[in-house]
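In what follows, a single structure is set out as structure tokens and then discussed.
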Amino acid sequence: MYYNSYKKRRKRRIVSFFSVILLLSVLTYGYFSKNNKKADEIPYISKGEENKPIEKIENIEKMDKNDKNDGGVEIVSEKILEDNLTNEENQDDLRKKELVNKDTEIIFNILYKKTGEIVKDKVKVPITLVGMTLREFQDYIEKNYSDWKIKNISTNFVTLFKEKDGYIPNYYLIQNKDGYITIYKINEFGEKVLYQKTEIPLSVLSEVDKHKLEKGILVKSLDEVMSIIEDYSS
């Protein structure tokens, strides 16, 4: 009986011993398996190329970032750059429009009181004015055209106005003088100068024509003068 009891105790010890061994084996296996996985994640570094794997990883990260940029950020940046360039060009164009240029004109309007007609003329600005600001341009006009009134002014044109008591220069005036139809030519100062005195008396004309000649008939060319004289002489 003692022998059987001893045998049972020995059997339990053996079972306990192998159980502990099995438990230690499982724990050891789990520990080394975990470490092996971590080791697999660390890139291999050979002699003389210690930094090479790390550089590759950094390059991969940069490539990923660049890929993302190519998908959106890069395109947005180019659009912003294009918009900035366009804005700068528009600002340059606007600044140019705010300056006197080679196509800027000076427009003259003269009212001749004797006839009530307005004669218009225009010229390009002198080349020396190109590049002036509006303020500089206005100062120039006020200084050099002091006998004119400024009606409108910009860097593209300026409109000047004045009145004169005389006639339009280089025109012809058909008028009564001493009872006869007389032709005058207007000089550059707006003054009438005798051109020709005809032998056609006003007495042969109608009252309407006499009234016209008392006031004077202003025409642009000598051909128009001859046409009127022929009508009165027929």
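The values are calculated or read from the model by the stated rules, or taken from the named source; none is laboratory data. Just so it is clear, the model here is predicted, and its values are computed rather than measured. Counting neighbours? That spans all protein chains shown, and the Cβs are built from the backbone with ideal geometry, glycine included. When the accessible area is computed, the model is the full protein with side chains, heavy atoms only, and any ligands, DNA or RNA have been set aside. Shrake-Rupley method; radii C 1.70, N 1.55, O 1.52, S 1.80 Å.
Taking the condition exposed (fewer than 15 other Cβ atoms within 10 Å of the Cβ), of a type outside the set (A, V, I, L, M), assigned to a helix (DSSP H, G or I) and modelled with pLDDT under 95, does Lys120 pass? Let's see the steps before the verdict.
Working: exposed (fewer than 15 other Cβ atoms within 10 Å of the Cβ): yes; of a type outside the set (A, V, I, L, M): yes; assigned to a helix (DSSP H, G or I): no; modelled with pLDDT under 95: yes.
Here the answer is no, as Lys120 does not meet what is asked.
Filter the stretch 155-172 for residues that are open to solvent by less than 40 Å² (accessible area, probe 1.4 Å) and in contact with a helix residue (DSSP H, G or I) (Cβ under 9 Å, 6 or more places away or on another chain) and give the result.
Thr155, Val158, Leu160, Tyr172
Could you say which residue among Lys149, Lys114 is of a type in the set (Lys, Arg) and at pLDDT 95 or above? Full working, then the answer.
Numbers: Lys114 fails: at pLDDT 95 or above.
It is Lys149.
Please pick out the residue among Leu194, Leu202, Leu218 that is surrounded by 14 or more Cβ atoms within 10 Å (Cβ to Cβ) and either over 24 Å from Val119 (Cβ atoms) or at pLDDT 95 or above (or both). Break it down stepwise before answering.
Working: Leu194 fails: surrounded by 14 or more Cβ atoms within 10 Å (Cβ to Cβ); Leu218 fails: either over 24 Å from Val119 (Cβ atoms) or at pLDDT 95 or above (or both).
Sole residue among the options that is surrounded by 14 or more Cβ atoms within 10 Å (Cβ to Cβ) and either over 24 Å from Val119 (Cβ atoms) or at pLDDT 95 or above (or both): Leu202.
Among the candidates Lys151, Lys177, single out the residue that is more than 27 Å from Asp209 (Cβ to Cβ) and among the basic types (Lys, Arg). Break it down stepwise before answering.
On the way: Lys177 fails: more than 27 Å from Asp209 (Cβ to Cβ).
Exactly one residue qualifies, and that residue is Lys151.
Taking the stated definitions as given, is Tyr180 touching a Pro at 6+ places or on another chain (Cβ under 9 Å) and open to solvent by 80 Å² or more (accessible area, probe 1.4 Å)? Steps first, please.
Values: touching a Pro at 6+ places or on another chain (Cβ under 9 Å): yes; open to solvent by 80 Å² or more (accessible area, probe 1.4 Å): yes.
It is true that Tyr180 is touching a Pro at 6+ places or on another chain (Cβ under 9 Å) and open to solvent by 80 Å² or more (accessible area, probe 1.4 Å).
Considering only the stretch 142-152, I want to know if a residue exists there that is open to solvent by less than 50 Å² (accessible area, probe 1.4 Å) and out of contact with any Phe, Trp or Tyr (no Cβ under 7 Å at 6 or more places or on another chain). It would help to see each step written out before you state the result.
Restricting attention to the stretch 142-152, the residues satisfying the condition of being open to solvent by less than 50 Å² (accessible area, probe 1.4 Å) are 148.
If we keep only those that are out of contact with any Phe, Trp or Tyr (no Cβ under 7 Å at 6 or more places or on another chain) too, we end up with none.
So far as the stretch 142-152 goes, no, none of its residues is open to solvent by less than 50 Å² (accessible area, probe 1.4 Å) and out of contact with any Phe, Trp or Tyr (no Cβ under 7 Å at 6 or more places or on another chain).
With respect to Asp139, is the statement that it is over 30 Å from Ile228 (Cβ atoms) and in a loop (DSSP other than H, G, I, E, B) true? Break it down into steps so the answer makes sense when it comes.
Working: over 30 Å from Ile228 (Cβ atoms): yes; in a loop (DSSP other than H, G, I, E, B): no.
No; evaluated as a whole, the condition is false for this residue.
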